[in-house]
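Just below is one structure, and these are the notes that go with it.
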């Protein structure tokens, strides 16, 4: 089931695309699974049918889904899945971090801003280190997560 965040600044159709991609990565959607029919999404979310169609076309353009006339839209490819056992520990750590951020007085927007900027710094640093031939510390320690 799809959900929308009207305050995110992300276009509605992209929110739908991202949710399908996340579900594929987490293994919630598998090859052959059917996405909700356009009319069901429209009724549940009170959005324009063209928005849902745009999201489904985008997913089809990425090669992740295929529409079957009169039947619906089905998953036809997968994305790299993450190790759910490893994610469980990371999720627990993240919940502890979120409680700390909440206790520090950060609201949801502040948490998102802090996380986003930190993630951006991490990615930039990793790309710089990789281009200079610096080994990944997580790989050296035998750890790391998706």
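The values are calculated or read from the model by the stated rules, or taken from the named source; none is laboratory data. From a predicted model like this one, the values you see are computed outputs, not experimental measurements. Neighbour counts run over all protein chains shown; Cβ positions are idealised from the backbone, glycine included.
Within segment 39-55, track down each residue that is without any contact (Cβ under 8 Å) to a residue 24 or more places away in the chain and either under 20 Å from residue 29 (Cα atoms) or in a helix (DSSP H, G or I) (or both). Before the answer, list the steps.
Restricting attention to segment 39-55, the residues satisfying the condition of being without any contact (Cβ under 8 Å) to a residue 24 or more places away in the chain are 39-40, 42-43, 46, 48-50, 53.
Within segment 39-55, 39, 40, 42, 43, 49, 50, 53 qualify.
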Number of the condition not met by residue 4 [criteria: (1) assigned to a loop (DSSP other than H, G, I, E, B); (2) in contact with a strand residue (DSSP E or B) (Cβ under 9 Å, 6 or more places away or on another chain); (3) at pLDDT 95 or above]: (2)
Number of positions in segment 7-24 that are crowded, with 17+ Cβ neighbours inside 10 Å and not in a helix (DSSP H, G or I): 0
Lone qualifier among 70, 63, 32, 27 - being assigned to a loop (DSSP other than H, G, I, E, B), touching a strand residue (DSSP E or B) at 6+ places or on another chain (Cβ under 9 Å) and at positive phi: 32
Any hit, segment 67-82, residues being free of Cβ contacts under 8 Å to residues at least 24 places away in the same chain and closer than 25 Å to residue 11 by Cα: yes
Residue 90, sole failed condition from (1) surrounded by 11 or more Cβ atoms within 10 Å (Cβ to Cβ); (2) part of a helix (DSSP H, G or I); (3) modelled with pLDDT of 90 or more: (3)
Count - residues of segment 44-70 that are surrounded by fewer than 14 Cβ atoms within 10 Å (Cβ to Cβ) and either under 13 Å from residue 17 (Cα atoms) or modelled with pLDDT under 95 (or both): 6
Complete set of residues in segment 102-118 that are under 21 Å from residue 5 (Cα atoms) and in a helix (DSSP H, G or I): 102, 108, 109, 110, 111, 112, 113, 114, 115, 116, 117
